[in-house]
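S.K.: The structure under discussion is supplied below as structure tokens; questions concerning it will follow.
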Amino acid sequence: PNGWSAEVKIPFHVLRYKTEEGDNSEQEWGINFLRYISRKQEWSRWAFSPKSQSGFISRFGHLSGLENLPVPRHIELLPFVVARQSFQPATSIQKRHESFLGDAGLDLRYGISSNFTLDLTVNPDFGQVEADPAVLNLSTFETFYPEKRPFFIEGTQIIRFSTFGGDFGPGMFYSRRVGRAISPDDVDVSGDKIIDKIPSNVTILGAAKITGKTNSGLSVGILQALTQEETATLLDTLGNTSEQVVEPFAHYSIVRMKQDVLENSNVGFIITSVGKEQRYPAFTSGFDWNLKFDNSTYQLDGFLSLTHTTNSALDRVTGSAGRITYAKIGGEHWLWSVDADFTSKKFNINDIGFFRRPNDWGSVATLTYKEDKPAEVVRYYNIGLFLHERRNFDEVNLFRQVNLSTELLFANYWSLEVGGGVDVGLYDDRETRGNGLYSRPKNYSGSVDISTDNRNDIIVGLEQNFSANSKSSTQNGTEIRLLLKPLSWMEYEFDAEVNRTRGFEAWVKNLYISVPTQSIFGDRSTDDMSLTFRSTITFTRDLTLQLYAQYFNAKGHHENYRQLVGTSDFVSTSYNENRDFNEKSWNSNLVLRWEYLPGSTLYLVWSQARYDESSNYFRSFGNDFNEAFQIPPANVLLLKASYYLGL
């Protein structure tokens, strides 16, 4: 036949399968072949799976005739050395610092058996990993950052235990807790002291994971990690130094098991523990299930979790959480789901997991109509309705939301997404930071996102969102995306985003000068802009150059201060402190990667960070942008070489 053909050889030692010495029996494996044809936006599969049916692996074909398979006992070693030169500029709380560090480590992969693998890393280095984007977070919730470090990505699907974040949420194990980043905000700088030295992140002394699946369908994942005690060195005006612990020595343990049952279903559990010096250990456990019925058309899934941790006062507390969802996930047109969940007042998995808040319960219902059959104008579309209501265990109504959205893929492969919703307001039990309830205004929102044909070498996307509430506050945001592929070995991606909020009623500060505590509110206006650039240039199959750069500017202005009385009334206040802010940052990574031998890699990395903050809100984005590149940079130059040994 005309066209290209490919022959791919896959060594048995990289596959997981059940066999023993002297086992001559024939095995039958599930197998499928997929091809994506970009110019047609078309997926081709050897074993066809209709769009109206759910499931992926369960739809595979079969490969038979496998006999006398070898028993793999393969060992892969990847020792590496690192040289790092760092330059840290002086700030108001930190001394200028320059250092050179040489280091070494080892990654190991061992096939314990034909279907279980041990991955071990000693003193790992992730200097080649892309920096996290800067964001403006004025909420009471932690910002979630995705994992980018290879050791915590590869093979960890078995360990995943989702809670409230969907199938791919972090849940009971948020790997970014291990070896977290350290910032000057972690240091208590008081009096006449400044920071002399501070580590950039918590050092992982070693980590190991065992993953695999037995012939009876039991998936097993075990992870252990040890992190070093990290200290910051403080310097006073007399030149005296002192040490301050910013992260104690810690160990992290996870045991995850999941058993296949029925048809394409499973049940499982997880147990985690975190031990840190001078703190009680934190334990969490969970039981989950995912049961499918009627040829995977319907699904019943959920979890129950128990935590035994410490609170901010270091008291030992026990909490619980759970969720149950019943959904129709297959069918030609109609899909739906109903969900109920809760988190108790003292539930906390944030020592090793990730969740937004305790003390709430609620329900979610969704209804979707979809059409997969191409028509003259539209190739695909869906319309979805989303209902969400929550309360806390003090019987306070937290919010009630209704959202309607639609997604269309046109015949020319342009796409359009339109959505809108209303949040009826009710109460916020966190906005005053522990000083009572606040009655939120009703809020209306809408968004439009359009994208051109992604088969082309130039792809453009535009998103516009808008919201307004019953207290005359408005918010609007615009994002422009541009992807350029001038040559087959070259790709550039630009993203520009601007968001503006005007007159948003928000908490400013709690004053403890009288009883009861005074919660000060004001009208907050914010402006933030993000410019992101990514590029990949593939010189050869072994030599690539990647660039990531982000400029971020966020500023806010407060006015019309007033004191909250009750949940929705206000009285005047004498408070007039300037709470305006203006933050500018630049983060970039330039990574040259050369695979000089199969599996052996040389990295040359240049990372730069610039950051400054002030209270000058009334400046244009243009002036702030020009000023950003006058900020003294923090630079890191890194050379990392690894050598692959397959035994």
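The values are calculated or read from the model by the stated rules, or taken from the named source; none is laboratory data. Keep in mind it's a predicted model, so treat the numbers as computed, not measured. As a convention, Cβ positions derive from the backbone with ideal geometry for all residues, glycine included, and neighbour counts pool all protein chains shown.
S.K.: Of the residues that make up the stretch 23-38, is at least one surrounded by 10 or more Cβ atoms within 10 Å (Cβ to Cβ), over 30 Å from Leu335 (Cβ atoms) and small (Gly, Ala, Ser)?
M.R.: yes
S.K.: Go over the candidates Glu613, Glu595 one by one and state the one that is assigned to a strand (DSSP E or B) and at pLDDT below 95.
M.R.: Values: Glu595 fails: at pLDDT below 95.
When all the criteria are applied, what remains is Glu613.
S.K.: Given (1) surrounded by fewer than 17 Cβ atoms within 10 Å (Cβ to Cβ); (2) of a type in the set (A, V, I, L, M); (3) at pLDDT 95 or above, identify the lone condition not met by Leu487.
M.R.: For Leu487, the failing item is (3).
S.K.: Does the stretch 61-68 contain any residue that is touching a helix residue (DSSP H, G or I) at 6+ places or on another chain (Cβ under 7 Å) and surrounded by 14 or more Cβ atoms within 10 Å (Cβ to Cβ)?
M.R.: Scanning the stretch 61-68, I find no residue that is touching a helix residue (DSSP H, G or I) at 6+ places or on another chain (Cβ under 7 Å) and surrounded by 14 or more Cβ atoms within 10 Å (Cβ to Cβ), so the answer is no.
S.K.: Taking the criterion of being touching a Phe, Trp or Tyr at 6+ places or on another chain (Cβ under 6 Å), at pLDDT below 85 and either of a type in the set (Asp, Glu) or under 25 Å from Ser320 (Cα atoms) (or both), would at least one residue in the stretch 166-179 satisfy it?
M.R.: yes
S.K.: Another question, then. Answer yes or no as to whether Asn454 is in contact (Cβ under 8 Å) with a residue 40 or more places away in the chain, surrounded by fewer than 16 Cβ atoms within 10 Å (Cβ to Cβ), touching a helix residue (DSSP H, G or I) at 6+ places or on another chain (Cβ under 9 Å) and not aromatic (Phe, Trp, Tyr).
M.R.: On the way: in contact (Cβ under 8 Å) with a residue 40 or more places away in the chain: yes; surrounded by fewer than 16 Cβ atoms within 10 Å (Cβ to Cβ): yes; touching a helix residue (DSSP H, G or I) at 6+ places or on another chain (Cβ under 9 Å): yes; not aromatic (Phe, Trp, Tyr): yes.
It is true that Asn454 is in contact (Cβ under 8 Å) with a residue 40 or more places away in the chain, surrounded by fewer than 16 Cβ atoms within 10 Å (Cβ to Cβ), touching a helix residue (DSSP H, G or I) at 6+ places or on another chain (Cβ under 9 Å) and not aromatic (Phe, Trp, Tyr).
S.K.: Let me ask something else. Among the residues of the stretch 228-235, are any within 24 Å of the chain's Cα centre (by Cα) and part of a strand (DSSP E or B)?
M.R.: Within the stretch 228-235, not a single residue is within 24 Å of the chain's Cα centre (by Cα) and part of a strand (DSSP E or B).
S.K.: Right, here's the next one. Any idea which residue in the stretch 236-279 is surrounded by the most Cβ atoms within 10 Å (Cβ to Cβ), counting only those that are touching a Phe, Trp or Tyr at 6+ places or on another chain (Cβ under 9 Å) and not in a strand (DSSP E or B)?
M.R.: Glu263
S.K.: With the requirement that a residue be under 23 Å from Lys40 (Cα atoms) and not in a loop (DSSP other than H, G, I, E, B), what does the stretch 432-470 give you?
M.R.: Asp449, Ile450, Ser451, Ile458, Ile459, Val460, Gly461, Leu462
S.K.: Please work out if Leu404 is over 19 Å from Phe521 (Cα atoms), touching an Asp or Glu at 6+ places or on another chain (Cβ under 8 Å), not in a loop (DSSP other than H, G, I, E, B) and not hydroxyl-bearing (Ser, Thr, Tyr).
M.R.: no
S.K.: If a residue must be surrounded by fewer than 16 Cβ atoms within 10 Å (Cβ to Cβ), of a type in the set (A, V, I, L, M, F, W, C) and either in contact (Cβ under 8 Å) with a residue 40 or more places away in the chain or farther than 24 Å from Arg534 by Cβ (or both), how many such residues does the stretch 591-620 contain?
M.R.: 2
S.K.: So, one more: Check the stretch 74-96 and report whether any residue there is modelled with pLDDT of 90 or more, small (Gly, Ala, Ser) and either in contact with a Gly (Cβ under 6 Å, 6 or more places away or on another chain) or in a loop (DSSP other than H, G, I, E, B) (or both).
M.R.: Yes.
S.K.: Tell me whether the stretch 631-643 contains one or more residues that are out of contact with any helix residue (DSSP H, G or I) (no Cβ under 6 Å at 6 or more places or on another chain), among the aliphatic types (A, V, I, L, M), over 30 Å from Tyr427 (Cβ atoms) and not in a strand (DSSP E or B).
M.R.: To start, the set of residues in the stretch 631-643 that are out of contact with any helix residue (DSSP H, G or I) (no Cβ under 6 Å at 6 or more places or on another chain) comprises 631-643.
This time we only want the ones that are among the aliphatic types (A, V, I, L, M), so: 631, 634, 636-639, 641.
Okay, now just the ones that are also over 30 Å from Tyr427 (Cβ atoms), so 631, 634, 636-639, 641.
Subset that is not in a strand (DSSP E or B): 631.
Yes, the stretch 631-643 contains a residue that is out of contact with any helix residue (DSSP H, G or I) (no Cβ under 6 Å at 6 or more places or on another chain), among the aliphatic types (A, V, I, L, M), over 30 Å from Tyr427 (Cβ atoms) and not in a strand (DSSP E or B).
S.K.: Here's another thing I want to ask about it. Between a first residue in the stretch 67-94 that is under 18 Å from Arg610 (Cβ atoms) and a second residue that is surrounded by fewer than 13 Cβ atoms within 10 Å (Cβ to Cβ) and of a type in the set (Gly, Ala, Ser), which pairs have beta carbons less than 6 Å apart while being 6 or more apart in sequence or on different chains?
M.R.: Ser86/Ser99
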